[in-house]
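The values are calculated or read from the model by the stated rules, or taken from the named source; none is laboratory data. All of these numbers come straight from a predicted model, not from anything done at the bench. Don't worry about glycine lacking a Cβ; one is built from the backbone with ideal geometry, like all the others, and counts go over all protein chains shown. Heavy atoms of the whole protein, side chains included, go into the accessibility calculation; ligands, DNA and RNA do not. Shrake-Rupley method; radii C 1.70, N 1.55, O 1.52, S 1.80 Å.
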Amino acid sequence: MIYSEKVMDHFANPRNVGEIEDADGVGEVGNAKCGDIMKMYIKVNDGIITDVKFKTFGCGAAVATSSIATEMIKGKSIEEALKLTNKAVMEALDGLPPQKIHCSVLAEQAMKSALSDYYRRQGVDPEPIVGRINDCEDCESCH
């Protein structure tokens, strides 16, 4: 497998690793079957994601996609963050090998899961805003 320099950089020097004790939203996605589990923590102030951290158990591509996804949503409005797609994550990393594309999907889902948790804590149904979050078992790459 050939990884881009950006993937290698984000794997070797991941940004925003850790957890936020008093997070406004926490999302966890993944599955022990495929071996990648991502947990994302967000702080939100006036509709802006002011801080974001992640913990990922998985391969180098999973760490790299988590790292760049946090960089792409930090300081952005919730509306902007919700536009983050796995395709945008892959493009930001200059691509991923085909068998690692599911890692970028997980990064997108972890962010959406954290935002869903944020809305639930506000007493708002997240599904109309965030959409349905597919379980890892729905993804083809694990099978």
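Any residue at all in the stretch 93-109 that is within 19 Å of V130 (Cβ to Cβ), open to solvent by 20 Å² or more (accessible area, probe 1.4 Å) and over 12 Å from the mean Cα position of the chain (by Cα)?
No: zero hits.
Can F57 be described as modelled with pLDDT under 95 and out of contact with any Cys (no Cβ under 7 Å at 6 or more places or on another chain)?
yes
Identify all residues within the stretch 68-78 that are in a helix (DSSP H, G or I) and under 13 Å from N45 (Cα atoms); write none if there are none. Spell out the reasoning first.
Here is the first cut: in the stretch 68-78, the ones in a helix (DSSP H, G or I) are 68-73, 78.
Result: I78, single match.
Name every residue in the stretch 68-127 that is at pLDDT below 95 and of a type in the set (S, T, Y), in order of residue number.
Once the filter is applied, which keeps residues that are at pLDDT below 95 and of a type in the set (S, T, Y), the stretch 68-127 yields T85, S104.
Counting only residues that are of a type outside the set (K, R), open to solvent by 10 Å² or more (accessible area, probe 1.4 Å) and in a strand (DSSP E or B), which one in the stretch 30-46 is farthest from Q99 (Cα to Cα)? Give the derivation first.
Keep residues of the stretch 30-46 that are of a type outside the set (K, R), which gives 30-32, 34-38, 40-42, 44-46.
Narrowing the set further to residues that are open to solvent by 10 Å² or more (accessible area, probe 1.4 Å) leaves 30-32, 34-35, 37, 41, 44-46.
Now drop any that are not in a strand (DSSP E or B), which leaves 30-31, 37, 41, 44-45.
Working: G30: 16, N31: 16, I37: 16, Y41: 26, V44: 34, N45: 37 Å.
Per the criteria, the residue is N45.
For the stretch 110-130, which residues satisfy the criterion of being buried (at least 18 other Cβ atoms within 10 Å of the Cβ) and assigned to a helix (DSSP H, G or I)?
Across the stretch 110-130, the qualifying residues are A110, M111, K112, S113, A114, L115, S116, D117, Y118, Y119, V130.
Table: residues versus (1) in a helix (DSSP H, G or I); (2) open to solvent by 20 Å² or more (accessible area, probe 1.4 Å).
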| site | (1), (2) |
| --- | --- |
| V7 | yes, no |
| H10 | yes, no |
| A23 | no, no |
| E28 | no, yes |
| K53 | no, yes |
| T65 | yes, no |
| E80 | yes, yes |
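Please indicate, with yes or no, whether at least one residue in the stretch 85-94 is farther than 29 Å from Y3 by Cα and part of a loop (DSSP other than H, G, I, E, B).
Looking through the stretch 85-94, none of the residues is farther than 29 Å from Y3 by Cα and part of a loop (DSSP other than H, G, I, E, B).
Residues are listed down the side, and each one gets a yes or a no for (1) open to solvent by less than 40 Å² (accessible area, probe 1.4 Å); (2) polar (S, T, N, Q); (3) without any contact (Cβ under 8 Å) to a residue 12 or more places away in the chain; (4) touching an Asp or Glu at 6+ places or on another chain (Cβ under 8 Å):
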{"position": "I48", "(1), (2), (3), (4)": "no, no, no, no"}
{"position": "F57", "(1), (2), (3), (4)": "no, no, no, yes"}
{"position": "M72", "(1), (2), (3), (4)": "no, no, no, no"}
{"position": "K76", "(1), (2), (3), (4)": "no, no, no, no"}
{"position": "E91", "(1), (2), (3), (4)": "no, no, yes, no"}
